[in-house]
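The values are calculated or read from the model by the stated rules, or taken from the named source; none is laboratory data. Just so it is clear, the structure is predicted and the values come from calculations on it, not from any experiment. Please note: Cβ atoms are built from the backbone with ideal geometry, for glycine as well, and neighbour counts cover all protein chains shown. In case anyone asks, the SASA skips ligands and DNA or RNA and just uses the protein heavy atoms, side chains included. Shrake-Rupley method; radii C 1.70, N 1.55, O 1.52, S 1.80 Å.
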Amino acid sequence: MKIVMDGKEVAAERGQTIVEVARRNGVYIPTLCHVPALEPAAMCRICTVELAEGRRSRLVTACNYPLRSDAEIHTDTPLLRQNRKVLIELLASRCPGSETLRELAERYGADLNRFPAEDRQCIMCGLCARVCERVGGNVLALCGRGVEIRVDTSFGRLSPTCIACTACVQICPVNAIRFEDVDGERRVIVRGKEASRVPLRRCTSCGARFGPVIDLVPVLERAGESGVPPFNASVCPACSRRNLARRLAERHFEQHAVEPRDAGEES
Amino acid sequence: MATATSVVPDLAWTKKISSPHELADYRQALLAGMDPDAPCIRVCCGTGCKAVGSLDVLEAMKAAVAAAGVDVKVMPEVKRTGCHGFCSRGPLLTFQPQGLFYQRVTPGDAAEIIQKTAVGGELIPRLLYKPPGAKEPIAKVGDIPFFAKQTKVVLQRVGRIDPFDIRDAIAAGAYEGLAKVLSGMTPQQVIEEIKTSRLRGRGGAGFPTGIKWESCAAQPGRHYVICNGDEGDPGAFMDASVMEGDPHAVLEGMAIAAYAMGSDRGFLYVRLEYPLAVQTLAAAIRQAEDLGLIGRNIMGTDFSFRTSISTGAGAFVCGESSALMSSLEGKVGRPRAKYIRSTEKGFRDSPSNLNNVETYANVPAIILRGGPWYTSYGTERSAGTKVFSLTGNVHNVGLVEVPMGTSLREIVYGIGGGIPNKKELKAVQTGGPSGGCIPIPSKFLDINVGFGKLAEIGSMMGSGGMIVMDENTCMVEVSRYFINFLVEESCGQCTPCREGLTRMKETLTRITVGEGREGDIEMLEEIGTFTNSFSLCGLGTSAANPVLSTIKYFREEYDAHIHDKKCPAGVCKPLFYYEIDPETCTGCGLCRKRCPAAAVEGEKKKPHTIHQELCIKCMECYRSCKFDSIRIK
Ligand SMILES: Cc1cc2nc3c(=O)[nH]c(=O)nc-3n(C[C@H](O)[C@H](O)[C@H](O)COP(=O)(O)O)c2cc1C
């Protein structure tokens, strides 16, 4: 399989996506809704590239197009640059504060203020919903249709199934999701609106609140991954570290049978 | 108002047909019991006629026959049928065997029809159809240009049979194609026949059906055969009429497809807004199962094919193949971004063949009469016939089937009867919201309607919607209308479609209210090119077509809106006013009488004037003036 990317032949394996090949060979293709750990959704469309396979030349999204035969790919033509510019300008109007968009705008010469802003604090990449599905939570999803599409919980209510794993918080490229630990609960807040409240565990050792209480069995069931041993820590990380250190020290002294020195006795 | 309770004959106790030959015997037995010269009144109960009260007419006709019973020697049978196609003349009925055509019938006419026509053999001139401009009415269906100029393959039985009675369909030849397939054709032969016919998908993209079947059949695993009855284009009703008028053609086509691809399971995806289609299909499936024509061991052979109806909630995007399959699976109806054909991995990740209603309805005739016969209709690249729903500013609004390659002139003037109110034809919109506007009166009136030709001039065949527009159509408003439709129907997951269309709608709305700015046209072109090239599914990649095609052909109209703040067609209310031309106004006073806002003033026989501050621009005066004295300024 011979893959030519922007005029240079590159290494590629059959079935790899264009983005995978590009990343491996140091070719830049912008993406907004793609992370390697998740199934590509090709929603943002900014990774669109020109592909010629055989005689036909067409536009495909690089994040999910699997390369199966000889192909010639152009990742940065004037046509692509022009359309990416429009894409960034359009997205900027719904998420004016985004650092990612500002960087992209510089690269493609986009005018972030071309269209009047209507701040929805979201670029609709859908990563939060997809990562939530992946961890088995299915708490956040894309709700509604058309312009009104948004990330939300079922019926917009506090979710009873959220485990407050905060994967959504980590993955959101525009920092529109955050969490707060208050009053013995963890609150996941999506664009200013609470999505869930999950009680926090109390450390059996020091009594401090830490990590959310997770009923793991149904989560693992939903994720379809049986056999993963449930962790159910009952001590907080700090106590856990302290306990471990104490145990290590005790074992060390036992093994080497070093008599603790008496204070005051000089050798 | 009569309810939709049509008696569905229960055939559960009938002996199942146990071999393909037995179907022919069954048909002969049915035909023997029917007298072809027996009087029969076919009352159109398609959705269009139903809306204007045809069910009441049906009941009234039945009652009138029953009441007249004693003095008629041979009582006419009153039959409920699907759409006759001539929707603008409904409620309508035909009188067999003479083939008389009565239109705009009311329940009050029933007794008279029976007394005069059935018993007395006289015509009722009031109910006859008179073509625009003609002096004499036409009595017979075959003499009416609207019907005479059509070629019916798909609609062959629609409007003739009772869609709720399978025996009527069988007597007219239904399931003969399936019997032929089951009595000796191999799946490969079936596929070859379809390939020979050069049948192309009627759902929009025009993909060659035989090739699709072949590639699906070649895949391993369980195969599914799915029928796309979503029909979401505004102004389109071809598929509805086929499902409502001859559901068996669709079922038979699906069964033949299933046989060719080794499938045993089918789905009909029909929108819930088509309640009549759902009823007829459900009745058809039940009756066909009762007779052993669908279901397990069809006609006593090893071939089994079960099919059921799934109703969609009427989202336009659910007509797109991957969204349709998601919806069938019970998921959100959003298109999937996968570079894999559904013939390989579709419904439940299995090889699935999706075809349009009309595509399947073509199949039985092709099998029965052969691929070469089918290619005798149409053109080199587009074989066969195509059903169009002809709507808009045309005399004969309705359902029209013509060979591919028929000229627009023939469709709009020959069959459609031309433009009402002595208006000029301005454009024809084809292909629904993904299509484009073809400007007329330039050279395009004589183009041959086919897949290739329409694409060449910036429109497309689409599923067969055809909207005729006269001189009082504002092309900016037309593109605003379609973009607005698509903004509401977009699934919203991909950036170009969601954001791009929204911006285009905003811009177009601004232009139509007189707030257009320098650079708007260029911006529309820029965003339109972007959405057309970067969107995820077919909705987005064709959404800008109505805008781009109107800019291409009617740019001066956009300019007039933006620069002169004028709507030359007199549609965008803030951008025009009416004025009475004192030279030609005779002072007849008609406009003054018609004006609902009392904005017209004037003495009899003297030129009238319009008070602009009172005028609500309803167009009533403009339409009623016999002397063309009202001007759009
Ligand atoms: C937005 C969109 C809407 C569609 N709607 C319909 C529809 O209502 N009916 C239909 O038959 N095909 C529709 N299609 C086309 C289908 O995706 C598909 O091409 C077709 O059903 C295949 O059948 P065919 O080969 O018989 O034409 C639509 C496509 C798109 C992109």
Qualifying positions in the range B:488-516 - open to solvent by 30 Å² or more (accessible area, probe 1.4 Å), more than 11 Å from every other protein chain (Cβ to nearest Cβ) and out of contact with any Ser or Thr (no Cβ under 9 Å at 6 or more places or on another chain): B:Thr509, B:Arg510, B:Val513
Tabulated pairs, the range B:311-338, first within 11 Å of chain A (Cβ to nearest Cβ), second part of a strand (DSSP E or B) and away from the ligand (no atom under 13 Å from the Cβ), C-beta under 7 angstrom, 6+ apart or interchain: B:Ala337/A:Thr61
Subset of the range B:133-147 [open to solvent by less than 60 Å² (accessible area, probe 1.4 Å) and assigned to a helix (DSSP H, G or I)]: B:Val141, B:Gly142, B:Pro145, B:Phe146, B:Phe147
Residues (over 18 Å from A:Cys128 (Cβ atoms) and either aromatic (Phe, Trp, Tyr) or facing chain B (nearest Cβ under 10 Å) (or both)) located in the range A:52-66: A:Arg58, A:Leu59, A:Val60, A:Thr61, A:Asn64, A:Tyr65, A:Pro66
Sole exception among (1) away from the ligand (no atom under 11 Å from the Cβ); (2) assigned to a loop (DSSP other than H, G, I, E, B); (3) of a type outside the set (A, V, I, L, M, F, W, C) for B:Gly314, by number: (1)
Test set (1) touching a His at 6+ places or on another chain (Cβ under 7 Å); (2) within 12 Å of another protein chain (Cβ to nearest Cβ); (3) of a type outside the set (Ser, Thr, Tyr) - B:Glu526 fails condition number: (1)
Checking B:Glu214 against (1) open to solvent by 10 Å² or more (accessible area, probe 1.4 Å); (2) more than 12 Å from the ligand (Cβ to nearest atom); (3) within 25 Å of the chain's Cα centre (by Cα), the condition it does not meet: (3)
Residues that are more than 10 Å from the ligand (Cβ to nearest atom) and surrounded by fewer than 24 Cβ atoms within 10 Å (Cβ to Cβ), drawn from the range B:224-236: B:Pro234, B:Gly235
2 or more residues in contact with a helix residue (DSSP H, G or I) (Cβ under 8 Å, 6 or more places away or on another chain): qualifying strands (runs of 3 or more DSSP E) within the range A:130-205: A:141-143, A:177-182, A:185-190
Filtered residues of the range B:83-101 (kept if buried (at least 24 other Cβ atoms within 10 Å of the Cβ) and aliphatic (A, V, I, L, M)): B:Leu92, B:Leu93
Matching residues in the range B:181-203 - criterion: being in a loop (DSSP other than H, G, I, E, B), within 16 Å of the ligand (Cβ to nearest atom), open to solvent by 40 Å² or more (accessible area, probe 1.4 Å) and modelled with pLDDT of 95 or more: B:Arg198
All positions within the range B:62-79 that are modelled with pLDDT of 85 or more and either open to solvent by less than 10 Å² (accessible area, probe 1.4 Å) or of a type outside the set (D, E, K, R) (or both): B:Ala63, B:Ala64, B:Val65, B:Ala66, B:Ala67, B:Val78
Which numbered condition B:Gly206 misses (of (1) assigned to a loop (DSSP other than H, G, I, E, B); (2) at pLDDT below 95; (3) away from the ligand (no atom under 16 Å from the Cβ)): (3)
Matching residues, the range A:164-177, being modelled with pLDDT of 90 or more and closer than 23 Å to A:Ala41 by Cβ: A:Thr166, A:Ala167, A:Cys168, A:Val169, A:Gln170, A:Ile171, A:Cys172, A:Pro173, A:Val174, A:Asn175, A:Ala176, A:Ile177
Matching residues, the range B:406-441, being among the hydroxyl-bearing types (Ser, Thr, Tyr) and open to solvent by less than 30 Å² (accessible area, probe 1.4 Å): B:Thr406, B:Ser407, B:Thr430, B:Ser434
Whichever residue in the range B:534-582 is of a type in the set (D, E, K, R) and open to solvent by less than 50 Å² (accessible area, probe 1.4 Å) and, among such residues, is farthest from A:Thr61 (Cα to Cα): B:Asp581
Boolean, B:Ala257 is more than 14 Å from chain A (Cβ to nearest Cβ), within 15 Å of the ligand (Cβ to nearest atom), in contact with a helix residue (DSSP H, G or I) (Cβ under 8 Å, 6 or more places away or on another chain) and not in a loop (DSSP other than H, G, I, E, B): yes
Lone qualifier among B:Phe444, B:Phe485, B:Phe451 - being among the aromatic types (Phe, Trp, Tyr), under 30 Å from B:Lys505 (Cβ atoms) and open to solvent by 30 Å² or more (accessible area, probe 1.4 Å): B:Phe485
Filter result for the condition that a residue is surrounded by 22 or more Cβ atoms within 10 Å (Cβ to Cβ) and more than 14 Å from chain B (Cβ to nearest Cβ), over A:Gly137, A:Gly156: A:Gly137
Residue that is open to solvent by less than 20 Å² (accessible area, probe 1.4 Å), at pLDDT 95 or above and under 20 Å from the mean Cα position of the chain (by Cα), where the choices are A:Ile46, A:Ile88, A:Ile73: A:Ile46
Odd one out for B:Gly245 among (1) in contact with a Gly (Cβ under 9 Å, 6 or more places away or on another chain); (2) open to solvent by less than 10 Å² (accessible area, probe 1.4 Å); (3) within 13 Å of the ligand (Cβ to nearest atom): (3)
Test result for B:Arg555, within 16 Å of the ligand (Cβ to nearest atom) and more than 27 Å from the chain's Cα centre (by Cα): no
